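*Asks:* The structure that follows is given in the form of structure tokens.
The values are calculated or read from the model by the stated rules, or taken from the named source; none is laboratory data. Keep in mind that what you see is a predicted model, and the values were worked out from it rather than measured. Ideal geometry is used to build each Cβ from the backbone, glycine not excepted, and the neighbour counts take in all protein chains shown. Accessible surface areas use protein heavy atoms only, side chains included; no ligands, DNA or RNA. Shrake-Rupley method; radii C 1.70, N 1.55, O 1.52, S 1.80 Å.
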Amino acid sequence: MKPPADARSGGGEPLLRVEGLSKTFHDRRLFSRAGGAGVRAVDSVSFSLAAGETLGVVGETGSGKSTLGRLVLRLVEPSAGRIRFNGEDITALSQRQLRRMRQQVQMIFQDPYGSLDPRMSVGAIVAEPMIVHGLWHGGRDDRVLEVMRQVGLQAEHRNRYPHEFSGGQRQRIGIARAMALQPKLLVLDEPVSALDVSIQAQIINLLRELQQQADLGFLFIAHDLAVVRHVSNRVAVMYLGEIVEIGPRDALYSSPMHPYTVSLLSAVPVPTVDRERGRDRVVLHGEIGSATNLPSGCRFHPRCYKARLKAENPDVETVESQGERLPAACVLHQPRPVDAGDGHVAICHFPERGGDRSEVAVRAVESSRGAG
Amino acid sequence: MSDGAVLAVRDLSTVFPSEAGPVTTVDGVSFSLGAGETLAVVGESGSGKTMTFLSVLRLVPPPGRVTGGEVLLEGADIAALPASEMRWIRGAGIAMVFQDPLTALNPVFTIGDQMLEVIRAHTAMSPRQARALALEVLERVHIPAPAKRIDDYPHQLSGGMRQRVLIAMAIALRPKVLIADEPTTALDVTVQAQILELLAELRSELGMGMVLITHDLGLVARYADRVAVMYAGRVVETSPIAQGFGRSRHPYTRSLFRSIPRLDLPADQPLTVIAGQPPDLARLPAGCAFEPRCFLGNGREDCRSERPALLPTTSDRHLSACPHWRALIDAEAGA
Amino acid sequence: MSAELAPETTAEAVPRGRAVRRALGRYLRHPGLSLGLFVLVLLSFVAIAAPWLAPHGPTEADLMNTLAHPSGDYVLGTDQYGRDILSRLIWGARISLEVALAVVALSLTFGSLIGAIAGYAGGWLERTMMMGNDILLAFPGFLLALALVAARGSSLENVILAVSIAYTPRVAAVMRSVVITIRPRPFIEASRAIGMSSSRVLLRHVLPNALPPVIVVTTVSAATAILAEAGLSFLGLGVQPPTATWGNIISDGQGFITSNPLISLSAGLCIAITVIALNLLGDGLRDTLDPQMRRYTGERML
């Protein structure tokens, strides 16, 4: 993939720019409307994505990463914020006006079993987007075959049904369907996580090929840090609806600033025995909290190792929280963005950088430096 | 292999009838497991890794049938035990932890009810004693405030906590063998680490033999003592981790290592694709099941005609079902 | 694309003709389905060919031979007006099947439309529609039909209308519950993602996937429709005498149930056989119609 295009430089609008995007899901039950604050699935997320670039989004279940992808396509209506596609604000477009945009922004889904209509043949599935957008004038058969060939399906597959195919093949059908309209941006929601290990590489390589051919922008959402590192130019890490760290891939993986990123990296086991056995893990406290009941201050503080390290320092003002002494800043105040340059930003009171880098962080990322 | 094995399986086979004829999902699988040892079983979906252990426990879903083989638990063959004794073995002899902690628990009973049910089915304990034991094992799997948690319903617990409960249920009767089938696949990576550390800790404390069924080679590197790689219902390679991992003697294992993105290799390292699709068990080739996807094969006559046996390679603890394993070492030396 | 990437499907290529034959074979191998289908085809043939098959006219009275016992001329005997029972049964099959077909067509069309819209739209629209539906459902179907016929007068059309109105809410309720299970499935979201409008998603993806279970329910409701028609006719509120319907024949025979039991019994048997055949067909369709279910049963067999 090509080096990260710098979306910030003056050269026009990026392909996609998202500003302060939020989504709060409200409880729709009859009698609970008044009190509840709702679930803040995505909270003030901003980023941009250039043509030909891949922005990886990693996070755990409940981090809001899937909702984010759906917001960009407006499959879920945003509660606040703006989405600009090719410079045009699409946040307020009506469903009818959106159709034009939908030709250019397509989605690849995680579940290659469920995301294809079991009653339609492969040919019909691939042709459908063209029919929907009025691009089907008899004789587009060749276009169907062309797209199918592009994704590595054979012409004779067109009359078969999804259940006759293996998982990898089905994912190819889903990709063919998305590519039929020649989009500019693909939102990929866990595109390989449901596939067998030996098939993942096939699909990753196919996606890479398609991206290079058409200068596609990829918003690549996944929980697998190794896969995201492999495909992305830049990476965003989400925690409880927020992007807690975003930056160029190599910077983020080799010198992560946010303690959550550090913890994630340290938790991924690597298949090299000596390296893996020699590693120390950051064992996080508990599990990801609930977005209905967000912690005060920094959202990560109940699980953060760095906050606990800092609390031992007599110079840091601490407060009592859930039976533990933690830095007052972490518990009481929302952290501000810290910029390490080159678009590498984290929101943390005590980021892992420079002289403040803890031993834990150094050891945790050793494995992600790459051998050689 | 060692006679001191806590679990030894020889030539286990399981067949499912299908429209296209009988399908052998477990095909002559043999392995042994020592006390306190962790055996990782690696394979893709359909490789027979889960079915092997369902066959060991005689829990193969109908119309599947175990068609042959010996299963020795501490030297005694349990393959021919009557169903009532087999029920006792499950839990007290061999326990299993499944992938999805949500569906493995019954949503309408508290976790305490469910634990007591298991304990009392296997022992003569009074409800009071059983509850005390349940609390003790919940403590053991590091569930905070177990006395409060024991009366919770499954939906009140997080995914990681549910998996801890299932592990507590599995170890309550001090089984000789614990089979963990993809125990963390449904969990987030930070929780995965917690659960696996717990399993490793319990294994050494209780001296159980542990089987870790997984597709994650990283987990194998960290937690296993030995690994068995399965493909199309057969074990194609088995080796001790310390000597054999990463020095594979089978082209399928090699390909697996090269096809996954890894954090410990440079980010731009290209992925080597394993050609083709996973094998269709109803239509296996006459020879080696991996031959159609193998980078070594290139149409070697013997690969196509004979199904290779699992034989010793450089050491008699490192077995491979590829007769051309030497070619892999040559390539290694050349690289 | 490199040669390495050349994929293979899991299933070997199956010529189309053979696939169709295989599918047909799957339907026919189901014993209940094939038996039900056989009986219904036979009945339909009898109904269509009634003018040629029936040895006598349905209302042709032989006043010399009232309440005759079975003989060579009157295979099942005659009723109190000397009409041939067999001929009346054959003509009665027409009415019963007509009612069944019309009720299925009407309740399937309207019921599935109402149910699908309610299930797919959700929100207040669903709540309002389903509230009305539930009120209709809470009424015993037969009573509703009875009231309608009483209000509008008894004729074949009114019987069909009444029974359809009684059964449409049932179809709607089933349709809605099926649609609710289909709505969250990923391929519905995938269809929205390619820019399909809601109505198109409903017609192209939701309905075709929801129909199989609904068709099963309608097959069974066809059986109830036949019963309802017979019941209404028996009470004198359905198709008016002297038209031959199975209900009328039972009604005619009830006064002679001890001396000439064959009159009512034969008509009752006809109703029973038809209803059982429809139920067998419904069960059979449920087992074979859904490709998902087929796949699951196939996997379970594997």
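*Asks:* Pairing the Cα long axis of helix C:123-138 with the longest principal axis of chain C, what angle in degrees results, from 0 to 90 and rounded to the nearest 10?
*Replies:* Approximately 20 degrees, to the nearest 10.
*Asks:* With each label point set 7 Å from Cα along the Cα-Cβ vector, what nm distance links C:Ile48 and A:Val362?
*Replies:* Taking the two extended label points, one gets 8.9 nm.
*Asks:* Output wanted: per-residue J couplings in Hz (rounded whole) for segment C:216-227, from phi through Karplus 6.51 cos²θ - 1.76 cosθ + 1.60, θ = phi - 60°, x for Gly and Pro.
*Replies:* 4, 5, 5, 4, 5, 6, 4, 4, 5, 4, 4, 4
*Asks:* Still on this model: Can you give the average number of partner chain beta-carbon atoms within 10 Å of each beta-carbon in peptide B:282-289, as a whole number?
*Replies:* 1
*Asks:* Ratio of Rg to Rh for segment A:255-369, alpha carbon only, Kirkwood?
*Replies:* Dividing the radius of gyration by the Kirkwood radius yields 0.98.
*Asks:* Hey, another quick one. Which whole number gives the average count of other chain Cβ atoms within 10 Å of the Cβ atoms across peptide A:170-179?
*Replies:* Across A:170-179, the average partner-chain Cβ count within 10 Å equals 1.
*Asks:* Which Cα, out of C:Gly132, B:Ser315, B:Val9, lies furthest along the positive dipole direction of the protein assembly as shown (beta carbon charges, K/R +1, D/E -1)?
*Replies:* C:Gly132
*Asks:* Taking K and R as +1 and D and E as -1, what net charge do the other residues with C-beta under 9 Å from the C-beta of A:Ser22 add up to?
*Replies:* After counting each charged neighbour, the total is +1.
*Asks:* Find how many whole Å separate the alpha carbon centroid of segment C:107-151 from the alpha carbon centroid of segment C:182-206.
*Replies:* 24 Å
*Asks:* Provide the percentage of antiparallel DSSP beta bridges, counting only those with both residues in chain B; round to the nearest 5.
*Replies:* Restricted to chain B, the bridges split so that about 60 percent are antiparallel.
*Asks:* In chain B, once you exclude exposed GluC sites (Glu not before Pro) (DSSP loop, at most 16 other Cβ within 10 angstrom), what's the longest stretch remaining?
*Replies:* Free of exposed loop sites, the longest segment is B:75-305.
*Asks:* Name the residues whose placed amide hydrogens come within less than 5 Å of the amide hydrogen of A:Leu15, ignoring near sequence neighbours (fewer than 5 apart) on the same chain.
*Replies:* A:Leu49, A:Ala50, A:Ala51
*Asks:* Could you quote the convex hull projected area for chain C, Cα atoms only and averaged over all directions, in nm²?
*Replies:* If you wrap the Cα atoms of chain C in a convex hull and average its projections, you get 21.8 nm².
*Asks:* Once you charge only the Cβ atoms, +1 for Lys and Arg and -1 for Asp and Glu, what is the size of the charge dipole of the protein assembly as shown about its Cα centre, to the nearest 20 debye?
*Replies:* 1140 debye
*Asks:* Are there trypsin sites (Lys or Arg not before Pro) in segment B:120-206 that DSSP marks as loop and that have at most 15 other Cβ atoms within 10 Å, and which are they?
*Replies:* Sites meeting the loop and neighbour criteria: none at all.
*Asks:* For segment B:145-189, state which residues have at least 30 Å² less accessible area in the presence of all protein chains than in their chain by itself, taking the probe as 1.4 Å and leaving out ligands, DNA and RNA.
*Replies:* B:Asp188, B:Val189
*Asks:* Separate question: Taking the inverse of the average 1/r across all pairs of different Cα atoms in segment A:52-188, what Kirkwood radius in Å do you get?
*Replies:* 16.2 Å
*Asks:* Counting only DSSP beta bridges with both residues in the protein assembly as shown, what percent are antiparallel, rounded to the nearest 5?
*Replies:* 60 percent
*Asks:* OK, next. Looking only at A:Gln322, A:Gln171, A:Gln200, which one moves most when chain A is put into a Gaussian network model with springs between Cα atoms under 10 Å?
*Replies:* Most flexible of the set in this elastic network: A:Gln322.
*Asks:* In Å², nearest 100, what accessible area do chains A and C bury in total when the solvent probe is 1.4 Å?
*Replies:* The A and C chains share an interface burying roughly 3000 Å².
*Asks:* Just B:Leu206, B:Leu166, B:Leu33 to compare: in a GNM of chain B, with alpha carbon springs under 10 Å, which one fluctuates most?
*Replies:* B:Leu206
*Asks:* Give me the one-decimal nm value for the distance between modelled label points at B:Asp11 and C:Asp73, 7 Å along each residue's Cα-to-Cβ direction.
*Replies:* Taking the simple label geometry, B:Asp11 and C:Asp73 are separated by 8.2 nm.
*Asks:* Within 10 Å of each Cβ in B:242-250, how many Cβ atoms from other chains are there, averaged over the peptide?
*Replies:* 2
*Asks:* Along the charge dipole of chain A, Cβ charges K/R +1 and D/E -1, which of A:Met179, A:Thr292, A:Val365 sits furthest on the positive end?
*Replies:* Most positive-ward Cα: A:Met179.
*Asks:* If you don't mind, another one. Let's see if you can work this out: charge +1 on each Lys and Arg Cβ, -1 on each Asp and Glu Cβ, no other charges. What is the dipole magnitude of segment A:255-369 about its Cα centre, in debye to the nearest 20?
*Replies:* So the magnitude is around 220 debye.
*Asks:* A further question on this structure: For the C and B pair, go ahead and give the buried accessible area with a 1.4 Å probe, both sides summed, in Å² to 100.
*Replies:* The C and B chains share an interface burying roughly 1000 Å².
*Asks:* Sort the following peptides by mean Cβ neighbour count (other Cβ atoms within 10 Å, averaged over residues), highest first: C:67-76, C:112-121.
*Replies:* Going from most to least packed, we get C:112-121, C:67-76.
*Asks:* Then there is this: Looking at chain A from every direction and averaging, what is the projected area of its Cα convex hull in nm²?
*Replies:* Taking a quarter of the hull surface, the average projection is 21.9 nm².
*Asks:* Calculate, for the protein assembly as shown, the solvent-accessible area per residue in square angstrom, rolling a 1.4 angstrom probe over the heavy atoms of the protein chains.
*Replies:* 42 Å²
*Asks:* Calculate the radius of gyration of the Cα atoms of segment A:221-284 to one decimal place, then report Dmax, the largest Cα-Cα distance, as a whole number, both in Å.
*Replies:* Values for segment A:221-284 (Cα only, Rg and Dmax): 12.0, 36 Å.
*Asks:* Probe radius 1.4 Å, ligands and nucleic acids left out: can you give me the accessible area buried at the B-A interface, summed over both chains, in Å² to the nearest hundred?
*Replies:* Adding both sides of the contact gives about 3900 Å².
*Asks:* I'd like the Karplus ³J(HN,Hα) series for segment C:237-243: coefficients 6.51, -1.76, 1.60, θ = phi - 60°, whole numbers in Hz, and an x wherever there's a Gly or Pro.
*Replies:* Running phi through 6.51 cos²θ - 1.76 cosθ + 1.60 with θ = phi - 60° gives 9, x, 5, 7, x, x, 3 Hz.
*Asks:* Which three lengths, in whole Å and largest first, does the protein assembly as shown cover when its Cα atoms are put on their principal axes?
*Replies:* Its Cα atoms span 117, 71, 67 Å along the three principal axes.
*Asks:* For the protein assembly as shown, which whole percent of the accessible surface, found with a 1.4 angstrom probe, sits on carbon and sulfur atoms?
*Replies:* Looking at the protein assembly as shown in its full context, I get 57 percent from C and S.
*Asks:* Among B:Ala242, B:Leu217, B:Pro183, flag the residue with its Cα farthest along the positive direction of the charge dipole of segment B:180-252, charges on Cβ as +1 for Lys/Arg and -1 for Asp/Glu.
*Replies:* Checked the options; the winner is B:Ala242.
*Asks:* What span do the alpha-carbon atoms of segment B:109-239 cover on each of the three principal axes, reported in whole Å from largest to smallest?
*Replies:* Cα spread of segment B:109-239 along its principal axes, largest to smallest: 48, 31, 27 Å.
*Asks:* Roughly how big is chain A's charge dipole about its Cα centre, with Cβ charges of +1 (Lys, Arg) and -1 (Asp, Glu), in debye to the nearest 20?
*Replies:* 800 debye
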